[in-house]
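What follows is a short report on a single structure.
The values are calculated or read from the model by the stated rules, or taken from the named source; none is laboratory data. Source: prediction; values computed, not measured. Cβ coordinates were reconstructed from backbone atoms using ideal geometry, including for glycine residues, and neighbour counts include every protein chain displayed. All accessible areas refer to the heavy atoms of the entire protein, side chains included, with ligands and DNA or RNA removed. Shrake-Rupley method; radii C 1.70, N 1.55, O 1.52, S 1.80 Å.
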Amino acid sequence: MHPNENMMEMRDVKNVPPFWPTDPASALCLVQQDFESEMSDMPYYNLVRLDYPALTAELAALPAPSMSVARVFGIDVESSKALMSLGFHKMCVQTLFATGLTRRQPDHAPSPVIDLDLDADTLVLHARNLRFSNFTFDPCLSDASWIRIHRRIIERRLAAPSALKFSLESGFVCFRVLEGKAVIDLFSVLEPRRGIGAALMNLVLDYCATQGLQWVEVVTGCENLPACLFYQKMGFLLFGSIGVFHHHKEKNCNPSNLCNIPDRGRDKKQTQTMPS
């Protein structure tokens, strides 16, 4: 499909994909997340409502140690500045890619699986493959911590009955079907330049087209240039960006340590094509 045709197709979609979860009706700005608290071994909160006087009070009342995560539109400079003034630190910028499906008409498409088991060693390799996630860039998290977090995220997604999966050789993809679209949650390939990533993506796109879905979306870090180029090569277009901020309460963390973080992740011979 020509990129211009894809853009015209996507403009017809009225339900713009949300960039970050919000809950304007919430009485709180910060809501504790059970799974994330377990995976990070500390109370973990998501920002769901922007009310800076209330947020200031809630941050002061948080237990120590604790971690809070905020996501705002990349173009929302004022919100980014306000969050940083409250002690949040910008970890990364994530980019939203999407591609339309109405012109994709596959003759047939294999069905994804619900259950996908990976052995312990392979899980660790994929966990280390998330080199561009917001957790990887957090100077307050040790290497052991962010690898553990990534592994738990992968295990949870693989076990979730709502997540559909395809796997090929050293790669796998998890995605969900939501209100006429598919959202790719995890996409990891350990061996680059062998066509595994393209084959996995075509499986997802063909299956979603046969299900009558309108488009597929995926979020990845803007620092993850191989993944960004891969999605564009597969017909995805850039639709926006999201700034991800972390706040640590009374933890032995100095953000200036960020420049001293070693080259995290797995062997450089592997190439990540995985959204964070």
Which pairs do you get when a residue that is more than 18 Å from Ser133 (Cα to Cα), found in the stretch 226-240, comes within reach of a residue that is assigned to a helix (DSSP H, G or I), reach meaning Cβ atoms under 7 angstrom, with the pair 6+ apart or on two chains?
Met234/Ala198; Met234/Met201; Gly235/Asn6; Leu237/Pro3; Leu237/Asn6; Leu237/Met7; Leu237/Met10
Among the listed residues Leu123, Leu203, Leu130, which satisfies the condition of being in contact (Cβ under 8 Å) with a residue 40 or more places away in the chain and open to solvent by less than 30 Å² (accessible area, probe 1.4 Å)?
Leu130
In the stretch 24-35, anything free of Cβ contacts under 8 Å to residues at least 24 places away in the same chain and open to solvent by 30 Å² or more (accessible area, probe 1.4 Å) is listed as Ala25, Ala27, Val31, Gln32, Gln33, Asp34
Of all the residues that make up the stretch 50-96, how many are open to solvent by 60 Å² or more (accessible area, probe 1.4 Å), of a type in the set (A, V, I, L, M) and farther than 26 Å from Phe35 by Cα?
2
Flagged in the stretch 48-61 as within 26 Å of His150 (Cα to Cα) and either touching a Gly at 6+ places or on another chain (Cβ under 6 Å) or at pLDDT 95 or above (or both), in numbering order, are Leu59
Take the stretch 153-179 and flag every residue that is open to solvent by 60 Å² or more (accessible area, probe 1.4 Å) and of a type in the set (D, E, K, R).
Glu155, Arg156, Arg157, Glu169, Arg176, Glu179
All helices (runs of 4 or more DSSP H) inside the stretch 25-112 with 1 or more residues being of a type in the set (Ser, Thr, Tyr) and under 21 Å from the mean Cα position of the chain (by Cα)
34-40, 77-85
